[in-house]
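The values are calculated or read from the model by the stated rules, or taken from the named source; none is laboratory data. If you're wondering where the values come from, they're calculated on a predicted model, not measured in any experiment. Here the Cβ positions follow ideal geometry from the backbone for every residue, glycine too, while neighbour counts run over all protein chains shown.
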């Protein structure tokens with residue numbers, strides 16, 4: 001999609017979109033050669049994704065209009081080069097946008113943001129996943145549905161990926177599901193399922209900010225959920241609890257659902273200790289100081305030789321711009337050093353590590369409690 005690359009590089013294309021665009025006076029035209037396997041020298045590797053990206057120059061007034069026209073022409077591009085190639089081009093262009101806007105001074109970045117929301121965002125809101133996420137951002141009741149739509153779109157693409165209000169919206173939904181953030185959400189489930197599969201029979205598991213417990217249901221479907229697993233779910237959304245109960249009942253699991261404010265429910269918890277406790281997205285809403293206090297509170301309920309896992313989005317993740325500008329999701333990003341600070345002052349820590357996902361979106365802090373140490377379970 002030549003116009004995508006022109007948008008990212010600041011080239012002003014003529015109205016006819018000819019193969020010989022005329023650069024603005026004093027500017028050098030930089031256009032990505034179509035379907036070229038080895039990019040020329042004027043292209044370089046994107047900083048965060050490894051995709052080839054045109055060298056950025058100063059923006060032109062028609063930058064957002066070019067991107068909008070390219071998105072609108074996605075069906076024709078699919079006919080020309082095939083769906084896989086067209087989607088790959090769209091993903092590369094969107095990731096170039098993320099890299100480009102980070103290098104802009106604040107006034108230019110804000111101006112680009114406003115134009116993007118006016119010109120481009122409405123096209124994406126025709127697609128199911130971004131439209132649903134934008135309507136229920138950051139912890140609103142029902143936001144667990146965003147994770148379910150991403151999971152089903154990634155794992156059942158034939159029936160759940162091409163969804164939207166319009167034919168273009170259905171195509172853009174498939175583009176969105178291939179973004180690094182959505183891929184990382186799928187692989188976050190696999191990461192947690194691997195940890196669930198390592199639990200002993202009769203273990204106690206706690207999911208804090210659980211949503212509909214996608215990872216526990218998937219572990220059951222894969223046959224790796226330990227026998228007699230006892231499950232505690234903390235979430236403010238009763239709809240999420242209802243969905244979790246329904247799906248887990250099929251596998252004979254009756255979770256203990258702690259409703260209302262998940263933070264308050266965890267702070268007031270005085271039950272059995274957890275062999276595995278994790279929060280797969282809730283810490284994205286907390287500043288480091290508050291997250292540190294919350295980790296200390298959860299740690300009091302981790303059993304001997306038990307594990308606590310905290311997931312947080314990285315500040316350099318390659319689809320941050322798309323999350324923020326389209327879906328209005330503005331997480332509290334944390335660096336690896338800030339994530340490690342959450343363990344400062346904790347007692348009886350046998351091991352600490354941070355694992356980064358391959359997509360560059362999430363990182364996982366894992367804390368293991370020392371074995372053979374008595375735990376004050378409270379009243």
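Across segment 73-113, the qualifying residues are those that are within 21 Å of residue 321 (Cα to Cα) and not in a helix (DSSP H, G or I), and the one among them that is farthest from the chain's Cα centre (by Cα) is 105.
Answer yes if at least one residue in segment 321-329 is assigned by TED's automatic domain parsing to the domain that holds residue 232, surrounded by 14 or more Cβ atoms within 10 Å (Cβ to Cβ) and farther than 30 Å from residue 125 by Cβ, and no otherwise. Break it down into steps so the answer makes sense when it comes.
Of all residues in segment 321-329, those assigned by TED's automatic domain parsing to the domain that holds residue 232 come to 321-329.
This time we only want the ones that are surrounded by 14 or more Cβ atoms within 10 Å (Cβ to Cβ), so: 321-329.
After this cut, where a residue has to be farther than 30 Å from residue 125 by Cβ as well, the list is none.
Scanning segment 321-329, I find no residue that is assigned by TED's automatic domain parsing to the domain that holds residue 232, surrounded by 14 or more Cβ atoms within 10 Å (Cβ to Cβ) and farther than 30 Å from residue 125 by Cβ, so the answer is no.
Restricting segment 336-365 to residues that are part of a helix (DSSP H, G or I) and out of contact with any helix residue (DSSP H, G or I) (no Cβ under 9 Å at 6 or more places or on another chain), the residue that is surrounded by the fewest Cβ atoms within 10 Å (Cβ to Cβ) is 337. Selection of segment 256-309 for residues being under 26 Å from residue 148 (Cβ atoms) and either outside the structural domain of residue 239 (by TED's automatic domain parsing) or assigned to a strand (DSSP E or B) (or both) yields 256, 257, 258, 274, 276, 277, 278, 279, 307, 308, 309.
Counting only residues that are assigned to a strand (DSSP E or B), in contact (Cβ under 8 Å) with a residue 40 or more places away in the chain and under 17 Å from residue 281 (Cα atoms), segment 226-255 holds 1 of them.
Every residue, every condition in (1) more than 23 Å from residue 97 (Cα to Cα); (2) touching a helix residue (DSSP H, G or I) at 6+ places or on another chain (Cβ under 8 Å); (3) buried (at least 19 other Cβ atoms within 10 Å of the Cβ); (4) at pLDDT 90 or above, yes or no:
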{"residue": "107", "(1), (2), (3), (4)": "no, no, no, yes"}
{"residue": "110", "(1), (2), (3), (4)": "no, no, no, yes"}
{"residue": "114", "(1), (2), (3), (4)": "no, no, no, yes"}
{"residue": "122", "(1), (2), (3), (4)": "no, no, no, yes"}
{"residue": "130", "(1), (2), (3), (4)": "no, yes, yes, yes"}
{"residue": "146", "(1), (2), (3), (4)": "yes, yes, yes, yes"}
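Among the residues of segment 63-90, what is the count of those that are within 21 Å of residue 162 (Cα to Cα) and surrounded by fewer than 19 Cβ atoms within 10 Å (Cβ to Cβ)? So the answer is 14.
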